[in-house]
1. Take the residues in the range 30-88 that are of a type in the set (D, E, K, R) and in contact with a Ser or Thr (Cβ under 7 Å, 6 or more places away or on another chain); name whichever of them is surrounded by the most Cβ atoms within 10 Å (Cβ to Cβ).
2. Inside the range 1-32, can you point out the residues that are modelled with pLDDT of 80 or more and of a type in the set (A, V, I, L, M)?
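The values are calculated or read from the model by the stated rules, or taken from the named source; none is laboratory data. This is a predicted model, so every value here is computed, not measured. Cβ: placed from backbone, ideal geometry, glycine included. Neighbour counts: every protein chain shown.
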Amino acid sequence: MCLICTTVTALCLGLTVHSWQMQRRFTRDKWRLVFWTHVLLFPALISIAMGLGEIQVSTYDLSIEREQFQNLHWYTGDVKDFLIWLVPLDVVLIMLWAIIAVSKNKSGRPASGPA
């Protein structure tokens, strides 16, 4: 089960990176690029946290039996807990960036235009 979850996590992360590269290639406005970067960072952080959670659960029994897996178990838990705190921060940044983009559009300047 761990291998399946890790593979799905890697696929989700790969698709997120590919989407970001496409946005980076075709977005002309830097404001939109930062916005889409944060939007795509959200599922990337979630998929990494889920993958680390699966590794943490899978190494629990091994960490009890062998001391060499205790560090892996505890460090994956610490990194996962840190990422879980980053997800709400990213959501706040997405909302802030959306508010900035809307206010920029209301001021009469186009959000993206010819460079």
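1. My answer is Glu54.
2. The answer is Ala10, Leu11, Leu13, Leu15, Val17, Met22.
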